[in-house]
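Q: Before anything else, here's the structure in question.
The values are calculated or read from the model by the stated rules, or taken from the named source; none is laboratory data. Only a predicted model underlies this, so the values are computations on that prediction, with no experimental measurement involved. Because the Cβ atoms are built from the backbone with ideal geometry, glycine has one as well, and the counts that use them run over all protein chains shown.
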Amino acid sequence: MLRQDFSQIICQLKKHRFKIFLDTNGIFFFNYKSLINKKVAVLGLPLDFPDSKRTFRNEKQAENVIKILKYCQKIKNKPKIKIGTVVTKKNINYLNELASKLLKYKIDTWKIYQFIPIGRNASRNRKKLEVSTKLFLRETSKIKNKYAKLINIVVSKRNDRARAYFMLDPDGKVIMPIDNGQYCQNLNVGSVFDKNIIKHWRNKVSEVNYLGNSESTFRIKTSRLPIEEIYNKIWFKAKDYYKKGQFYTKDHANWMNREAIELAKKEYFDPSIFLPFVFLHDIGYIKSPRRSPFNKESRLTHMLYGAKYARDILKKIKYPKEKIKEIITYISVHDDWALDNHSPYRYNIFLGAFNDLDFISMFAPQDFEAMKKILNKSDKQMIKFMQNNEKIKNRPFVTKTTENLFKKYLTTKQMEIAG
């Protein structure tokens, strides 16, 4: 609403039959209230605290939001009202009080967001504001259980918004927030005036997150190919490679796939990247010499061929190009630790989590026996090998889920060996 041509833009959008969702801090609402009431379908307003004194935004802005809510109570023809609340360490204990306040006003949706450290101020104050996903879900579940029958509440985890938007800046630049679980940034997709901008955007967007946001926020049904069907296609094509690869790779892949699916759910990873990466990571062993997997030449060969074959598989099923690029990059370096390069696993959550699972897989029954033969170790020696492995120091576990999974398998195997 800072633009002088704001009214013309709204009228043009309406003329072309767009449904307009206006997300605003509310400061200039009353300058355009008549236009907004007539032309806007949904009005989004931020409110993080039950009163303006405790806000970490502009105090006047918070007061203005309350004024807008009071004003909208009195008029008949108005847009639907969506309140957005960003949950941080500062306000997580005020959610119940905020919910009670919102009940006084006729709002249509309350969307509760997990804080994302994106932007200069958010990144600078990350330690003061960021809450864990576990805490966020626990507290928002309490709110939903108590108020869901009274307010339409939508809970949005951090990972739900990664690669989920088509955003425009004032100059027409299309941006998309991306998030690997540790670092967030805005990805420049291109200009809205580019001929192929929609195609470029589709190659980068997470279909699951984009459509999921649309369905939950606007209560609409979208048509999409079940994501499980896509993964089944990938795994079906990968199995032929595993059958002809190293003697243990198929069993290893089956275990990795099962655990990766669970890990992606628990850690809210983007499954469209993480799962194909895991499903296809060792298909290059079909071309690798049948030597010990600890042989450096074998490691390098299977990564290079694996990336090539993965690209072929994903292209055949018309997987998004940008996602193919990311997946094959991971496959091409997934065993770089064996070449004395440990840094990728510390700075990329997908590579780190994959490496965690790949290491833990040596506890799986078939892998454990295979590794014993390859390393010429007894059961007890294998346990010691796992406990003192260089991985623990050089590539520490990147998630609590994988760290706990390692402890679980270690304890179970120790008990089995002890009898």
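Q: Working only within region 170-182, note down all residues that are assigned to a loop (DSSP other than H, G, I, E, B) and modelled with pLDDT of 85 or more.
A: From region 170-182, those assigned to a loop (DSSP other than H, G, I, E, B) are 170-172, 180-182; that's our starting set.
Those that are assigned to a loop (DSSP other than H, G, I, E, B) and modelled with pLDDT of 85 or more: ASP171, GLY172.
Q: Being surrounded by 17 or more Cβ atoms within 10 Å (Cβ to Cβ) and either within 18 Å of ASP282 (Cβ to Cβ) or more than 29 Å from the chain's Cα centre (by Cα) (or both) is true for just one of ALA364, ALA338, ALA418. Which residue is that?
A: Criteria check complete, one pass: ALA364.
Q: Here are some residues: ASP251, ASP194. Which one is at negative phi, of a type outside the set (Gly, Ala, Ser) and at pLDDT 90 or above?
A: On the way: ASP251 fails: at pLDDT 90 or above.
None of the other options fit; the residue is ASP194.
Q: Something else now. Can you find a residue that is surrounded by fewer than 18 Cβ atoms within 10 Å (Cβ to Cβ), of a type outside the set (Asp, Glu) and over 18 Å from GLY119 (Cα atoms) anywhere in region 162-170?
A: Scanning region 162-170, I find no residue that is surrounded by fewer than 18 Cβ atoms within 10 Å (Cβ to Cβ), of a type outside the set (Asp, Glu) and over 18 Å from GLY119 (Cα atoms), so the answer is no.
Q: Going by the structure shown, is ILE9 surrounded by fewer than 14 Cβ atoms within 10 Å (Cβ to Cβ) and of a type in the set (Val, Ile, Thr)? Let's see the steps before the verdict.
A: Numbers: surrounded by fewer than 14 Cβ atoms within 10 Å (Cβ to Cβ): yes; of a type in the set (Val, Ile, Thr): yes.
Yes.
Q: In region 379-403, which residues are among the hydrophobic types (A, V, I, L, M, F, W, C) and in a loop (DSSP other than H, G, I, E, B)? Full working, then the answer.
A: Quick first cut of region 379-403, residues among the hydrophobic types (A, V, I, L, M, F, W, C) only: 382-383, 385-386, 392, 397-398.
Of everything in region 379-403, those that are among the hydrophobic types (A, V, I, L, M, F, W, C) and in a loop (DSSP other than H, G, I, E, B) turn out to be PHE397, VAL398.
Q: Pick out the one residue from ILE234, ILE220, ILE227 that is hydrophobic (A, V, I, L, M, F, W, C), under 28 Å from ALA364 (Cβ atoms) and modelled with pLDDT under 85.
A: Values: ILE234 fails: modelled with pLDDT under 85; ILE220 fails: under 28 Å from ALA364 (Cβ atoms).
It is ILE227.
Q: Examine region 63-75 for a residue that is closer than 23 Å to VAL131 by Cβ and either in contact (Cβ under 8 Å) with a residue 24 or more places away in the chain or within 26 Å of the chain's Cα centre (by Cα) (or both), and state whether such a residue exists.
A: In the first step, residues of region 63-75 are kept if they are closer than 23 Å to VAL131 by Cβ; the result is 65.
Still in the running and either in contact (Cβ under 8 Å) with a residue 24 or more places away in the chain or within 26 Å of the chain's Cα centre (by Cα) (or both): 65.
The answer is yes; a qualifying residue exists.
Q: Anything in region 133-151 that is modelled with pLDDT of 90 or more and among the polar types (S, T, N, Q)? List them, or say none.
A: Passing the criteria: THR140, SER141, ASN145.
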